[in-house]
Amino acid sequence: MAATHVRGLKAALNANGKYRYKTPESVVDYLVIGGGVVGLAVAQRLAQRFPSKSTYLVERHEGPGQETSSRSSEVIHSGLYYPEDSLKTKLCIRGRQLMYERCERHRIPHRKLGKLVVAQDSQRPYIERLHDKAQRLKWPPHSAPLDRRALPTNLITGDEARELEPDLSKKIVAALWSPETGIVDSHSLMENLEKEITESEGGELVYSTRVVRVDPYYGSSLVRDQPSGDAREEGWVVQTVTGDQEESDPLLARTLINASGLSANVILNSLVPQDQRIAMYYARGSYASYNGSAVSHVSHLIYPCPGTGRVEHGFQSLGTHLTLDMQGKVRFGPDLDWLNPLDESNPDFWEKHLIPDETRLRLMHEAVTEYLPNVTFEGLQPDYCGIRPKLVGPQGGFQDFVFRKDYPHSFTGAVTGSSTNRTNPMISLMGIESPGLTSSLAIAEHVVDDILCDAEGHRDS
């Protein structure tokens, strides 16, 4: 199928020019757009780090995680697959550590099950390279000194793998054992983050509220007790509409965090020239449940070797793997299905693609029986689907997470005393797909402690 690339025309954010510029009458220090697990993690980190400042999170749905976050495998990844110097690797390793710590501290349901990456004879070099890379990896910044490897792995034989998982195919000649891989109840995790935000001094969650317009701001200070004179400030005028109301409410956000997931490029593209707009590609992943004796002994996650595409790290999917949920239910997926071009002005495009497609089951069955030969086609049932936001299409190579920084004066042309002023940014988080759930707490730490604290000069505050 053709890859979907949505260029996020300005009309997608401000339909038909309905919402004109409004002067804001209120101000917030930090505004996070998007209430998925990453947006919640960022807002929680801000509220914890800067309790005397205001942090708002706005989400257009009635509750958190309604798009990508609630439609994943819920796997806590170890950090195996990506280039060792990439943000995906560093933030996954750090995020895994933070995730297990938070789950233990707050009693969030999780299980460290371990994972087997299974290989047929021709695939053995691939898992050997993964193992070699894992031995070289170091703990990333912020991690406490630990007396264990950042990513422990073991190469085992096919027979040793079958001792762990007796139902594996005899064609499996070797496997990579990753003991740090696990699963988490993502809904409980998001509820925990919500609770911390709402109980914080300056945090607030606003649901059923969509952003309809964003403008850079350079003008008079809105602080009412500010002494009169030439006091100026920068930021972002964000207009929101709650529920069915007609009128928008303007708010000045001194710092704006764009964590809107599937729509992350739309806000940015409403501000930049047409030739600088960011394309986004979308791929659907389908999951299937299974009922049958072929998986009755399974107690670990099982991953095949992925197709590597153009380059070693250029794969777009980790293959149709076996995962378990917190109740022990087996599911297979996700597969990879690039979507057809969509209506660029409809932010809810993804909803019509959430109906599981039974025609995908045959391909999934063929993939699964390469490592679990006794799985029957009749035992598979469509379960659910998720949509992944990607910055490269089906022919693209590896793409890392992107944290783009833009500043109000870049769009207004205002002179603020220094052409290199680097305060009051809009930080756009784009291409946050797998391992986004695992990395979420580390992404928040990176955004707040690295990007914002460095920009605002209060790292140690």
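Summing Cβ point charges (Lys, Arg +1; Asp, Glu -1) relative to the Cα centre of the chain gives a dipole of roughly 780 debye. With the simple spin-label model, which puts each label point 7 Å out from Cα in the Cβ direction, the Gln135 to Arg148 separation comes to 2.0 nm.
Please get the size of the charge dipole for the range 80-218, origin at its Cα centre, with Cβ charges of +1 on Lys and Arg and -1 on Asp and Glu, quoted in debye to the nearest 20. Walk me through the intermediate numbers first.
Values: 23 positive and 22 negative charges, 79 e Å.
Roughly 380 debye, rounded to the nearest 20.
Placing pseudo-labels 7 Å out from each Cα toward the beta carbon at Arg232 and Glu163 gives an inter-label distance of 7.2 nm.
Classified by the C-alpha gyration tensor, the range 247-290 has an oblate form. Its axis ratio a/c, with a ≥ b ≥ c, is 1.5 or above, and a/b does not exceed b/c. If you take the square roots of the eigenvalues of the alpha-carbon gyration tensor of the range 126-206 and sort them as a ≥ b ≥ c, do you get rounded (a/c under 1.5), prolate (a/b over b/c) or oblate? Oblate. Residues in the range 144-186, backbone N under 13 Å from the label point at Glu104 (7 Å along the Cα-to-beta-carbon vector): list them, ranges by number please. It comes to 144, 146-148, nothing else.
Applying a DSSP loop filter and a limit of 16 other Cβ atoms within 10 Å to the trypsin sites (Lys or Arg not before Pro) in the range 86-126 leaves Arg107, Lys112. Each peptide in 29-35, 365-371 receives the mean, over its residues, of other Cβ atoms within 10 Å, and ordering these scores from highest gives 29-35, 365-371.
Hydrophobic long helices, here whole DSSP H runs in the chain with Kyte-Doolittle means of at least -1.0 and Cα atoms spread over 24 Å or more along the helix axis, are found at 87-106. Can you give the FRET efficiency to the nearest 0.05 for His297 and Lys22, using r as the Cβ-Cβ distance and R₀ = 60 Å? Step by step, r from the Cβ atoms, then E = 0.45.
With all protein chains present and a 1.4 Å probe, how do Phe411, Phe401 order by accessible area, largest first? Numbers along the way, then the final one.
Values: Phe411 65, Phe401 10 Å².
Listed by decreasing accessible area, they come as Phe411, Phe401.
Computed from label points 7 Å out along Cα-Cβ, the spacing between Asp450 and Ser52 is 2.8 nm. Think of the chain as a dipole: +1 on every Lys or Arg Cβ, -1 on every Asp or Glu Cβ, centred on the Cα centre; then among Ala119, Pro347, Gln276, Ala119 lies furthest on the positive end. Considering only alpha-carbon pairs that sit under 8 angstrom and 6 or more positions apart, the relative contact order computed for the chain is 26 percent.
Using a probe of 1.4 angstrom and keeping all protein chains present, the accessible surface of the range 18-116 works out to 38 square angstrom per residue.
Amide H contacts for Val27 (H built 1.01 Å from N in the peptide plane; partners 5 or more residues away or on another chain; cut-off under 5 Å): Leu252.
The values are calculated or read from the model by the stated rules, or taken from the named source; none is laboratory data. All of these numbers come straight from a predicted model, not from anything done at the bench. Neighbour counts are summed over all protein chains in view; Cβ atoms, including those assigned to glycine, are modelled from backbone coordinates with ideal geometry. Surface accessibility is based on the protein's heavy atoms, side chains included, excluding ligands, DNA and RNA. Shrake-Rupley method; radii C 1.70, N 1.55, O 1.52, S 1.80 Å.
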